[in-house]
Amino acid sequence: MVIDERWRQWKSGERQELEDFLDVLITLKDGGGNPLLTIEEVKAQSQEMMFALVDNPSNAVEWALAEMVNQPETMKKAVEEIDRVVGQDRLVQESDIPQLNYVKACIREAFRLHPVAPFNLPHVAVADTTIAGFRVPKGSHVLLSRIGLGRNPRVWDEPLRFRPERHMASVEEGADVTLTENDLRFISFSIGRRGCIAATLGTTVSVMLFGRLLQGFTWSKPAGVAAIDLSESMHDTFMAKPLVLHAHPRLPVHLYPTPSATI
Ligand code: HEM
């Protein structure tokens, strides 16, 4: 309904300013200056964007917060990093992302241990091939287990433990932590020709969401809860019980956008 209404506004000339990605999609032009996308294509693109850009970061951030409330020393380290890099006089910005290495290590650990889905998107072999000694005939459907990779005890020490420090080695070697994993020891954005086209955007949204939640609030368990229940849903890899926490503001009040300021 939102897209139908926006489409109507543009086609009637009622709307003329670009404000969000829906406006951009509706007004895209081809080389000859004609509208590029049909309304069905705009709806499909918007849906893809929502699935990719809302589900992935929010699942990772929900799991990371849950794990970190159970292990307050990890939470403390991440908040200290934000206070050191950003301070408490302004909000986390995209330009801070390269320096928020521990924060990124926490999200990376959530991608490893709690992938948004148990399997990667299906791939089909276009030719006969051999991988690690296994013959894969042309036409085979190949399903990579994200859980099998991320929790492989031959690759990961104490694989079921949420331990962001395991991703900090690159910092000691002088490189920033990234959310991509080019050695496929787990799958975040995957790699190769079918890998995610939006690792930069996905990283930005994940770090901004998580960084601002950690910077803006002190998170704690609800009264009477000894530890957050980290069980997975029977049907997928989401939390079986959606995370419920207390959020206590920790920044000066003017830094919290009011509803009227965000519209
Ligand atoms: C944190 C956010 C995201 C994560 C973790 C993520 C992860 C992934 C993964 C694991 C794949 C499968 C790669 C494979 O088949 O090997 C994928 C594919 C894809 N992603 Fe993302 N994604 C994210 C955000 C986005 C966004 C924002 C967009 C679009 C704007 C996007 C567009 C795509 C597309 C088009 C593919 C299919 C590529 C192909 O099959 O050629 N993703 N993504």
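The values are calculated or read from the model by the stated rules, or taken from the named source; none is laboratory data. Treat the numbers as computed from the prediction; the structure is a model and nothing was measured. Quick reminder, even Gly has a Cβ in these numbers, built from the backbone with ideal geometry, and neighbours come from all protein chains shown. Heavy atoms of the whole protein, side chains included, go into the accessibility calculation; ligands, DNA and RNA do not. Shrake-Rupley method; radii C 1.70, N 1.55, O 1.52, S 1.80 Å.
Taking the alpha-carbon distance from LYS43 and a cut-off under 29 Å, which lysines remain once sequence neighbours fewer than 8 residues away in the same chain are dropped?
LYS11, LYS29
Given a 1.4 angstrom probe, what's the average accessible area per residue across the chain, in square angstrom?
With the other protein chains kept in place, the chain gives 60 Å² per residue.
Computing the accessible area with a 1.4 Å probe over protein heavy atoms, can you report the carbon and sulfur percentage for the range 96-223?
59 percent
List the relative contact order of the range 56-262 as a percent without decimals, with contacts defined as Cα pairs under 8 Å and 6+ residues apart.
Once normalised by length, the contact order is 27 percent.
Check cross-link reach from LYS76 to the aspartates and glutamates: straight Cα distance under 15 Å, and skip same-chain residues fewer than eight apart.
Straight-line reach from LYS76, under 15 Å: GLU67, GLU165.
May I ask you to derive the relative contact order of the range 78-158, considering only C-alpha pairs under 8 Å and at least 6 residues apart, and to give it as an integer percent?
Result for the range 78-158 is 24 percent.
In the structure shown, do any of LYS77/LYS104; LYS104/LYS241; LYS104/LYS221 have a Cα-Cα gap over 19 Å, and if so which? Don't skip to the answer; put the middle values down first.
On the way: LYS77/LYS104 12 Å; LYS104/LYS241 25 Å; LYS104/LYS221 23 Å.
Pairs exceeding the cut-off: LYS104/LYS241; LYS104/LYS221.
In debye, nearest 20, what is the charge dipole magnitude of the chain about its Cα centre with +1 on Lys and Arg Cβ and -1 on Asp and Glu Cβ, if you could check?
560 debye
Which of ILE197, ILE187, ILE228 moves most in a GNM of the chain, Cα contacts under 10 Å?
ILE197
With a 10 Å cut-off between alpha carbons and a GNM built on the chain, which of GLN93, GLN16, GLN45 moves the most?
In this elastic network of the chain, the residue with the biggest mean-square fluctuation among GLN93, GLN16, GLN45 is GLN16.
Find how much the distance from GLU172 to MET50 grows on full extension, using 0.36 nm per residue of separation minus their present alpha carbon separation; answer in nm with one decimal. List each step's numbers first, then the result.
Numbers: separation 122, 0.36 × 122 = 43.92 nm, distance 3.59 nm.
So the extension gain works out to 40.3 nm.
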